[in-house]
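What follows is calculated from the coordinates using simple rules that are stated; it is not laboratory data. Quantities reported herein were computed from a predicted structural model and do not represent experimental measurements. Positions of Cβ are backbone-derived with ideal geometry, glycine not excepted, and every protein chain shown enters the neighbour counts.
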Amino acid sequence: MSQHICVHKNLPFKHFYPILITILIGSGAAAQVITSQGTHGSYLTMQLGSALGAVFGIFVSRGVSGAQLNVVWSMSLWILGRQPWRKVPLYALSHLLGAFLGAATVYLQYYDAIQVFSGGHLSVAGPNATAGIFCSYPADHLSVWGGIVDQVVATALLLICCLAVEDRRQGLLPDGLAPVLVGALILTIGLSMGSNCGFPLNPARDLGPRLFTFIAGWGEEVFKAGGGWWWVPIVAPFVGGLLGTLIYELLIEVHHPHTPQSPGQESEAVELEETTPNQNSSKIIGTVFNS
């Protein structure tokens, strides 16, 4: 039985379902608002859907996969030396698969509503456009450069705040509070930075559904709309994630005092225990290595 469990945990695509859940709730909320023409929801309910989708995606997967829903976050952990680089491409492929399947599921669930609302013509722009249910498109006022700035700033903020939530030296959080705080952060970004292009923040979250809409009938326009907008929510979040990681590392994390809770201090304590010849330390070391 334990061998089967180990094999399951080593599957490379085990990380696809958190983002699938996220899209089921987030894009589902958008589909409900758009196809009902605002009679069953509003801009706020779409933002709540995105935020709560992330919360439940994290809750469902945090004990098995570490709840890495965004490859930009995976990249940040690699930069900080907290996971090997070889995991990042696997996370990216898993997220892309999950996002594609999530978009396909929402489309099947809302197929009739989408067909009625669009009059049977799946369009990217116009009063009956439905492509925005699944991935981001720029507002009419937004330039490509403006979109790059928007996504760099928003993703940098996301990474700074997520790193703060995960930083034990900022104070220990009650168990289960971190996913709620991440959801509150996503809601905050959506309410303050969502009008330009819908705050995608996640390359796979945008590219997976875009690929699905390309196949499902929206066609090449999903890549041509907005002056070739499609690459911005893929590239700019990586730049913003790198910027946010560097800001947190250089302006916050390196300035933490060496407290008993800091990783450096804990390492020193372990080394001291290993070099101190007494019975108590031997018991502690034995307990650590035998567990």
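Some notes on this structure:
- Under the criterion of Cα pairs below 8 Å and six or more residues apart, the relative contact order for the range 91-144 equals 17 percent.
- Karplus (6.51, -1.76, 1.60) ³J(HN,Hα), θ = phi - 60°, over the range 48-62, in Hz, Gly and Pro reported as x: 4, x, 4, 5, 5, x, 5, 4, 6, x, 5, 4, 5, 10, 5
- From least to most packed, judged by other beta carbons within 10 angstrom and beginning with the fewest, TYR17, TYR43 follow the order TYR43, TYR17.
- Low-density loop cleavage sites - trypsin sites (Lys or Arg not before Pro) in the range 44-121, where at most 10 other Cβ are within 10 Å (DSSP): ARG82, ARG86
- Radius of gyration over Kirkwood radius for the range 2-256, both on Cα atoms: the Rg/Rh ratio is 0.97.
- Sorting TRP145, TRP78 by the number of Cβ atoms found within 10 Å of their own Cβ, with the fewest placed first, yields TRP145, TRP78.
- Computed over the range 2-256: relative contact order in percent, which uses C-alpha pairs under 8 Å that are six or more apart: 26
- The listed peptides 168-179, 242-253, 186-197, ordered by packing as a protection proxy, come out as 186-197, 242-253, 168-179 (highest mean of other Cβ atoms within 10 Å first).
- The range 91-217 - percent relative contact order, Cα under 8 Å, separation 6 or more: 43
- Mean-position separation - Cα centroids, the range 120-149 and the range 68-118, in angstrom: 20
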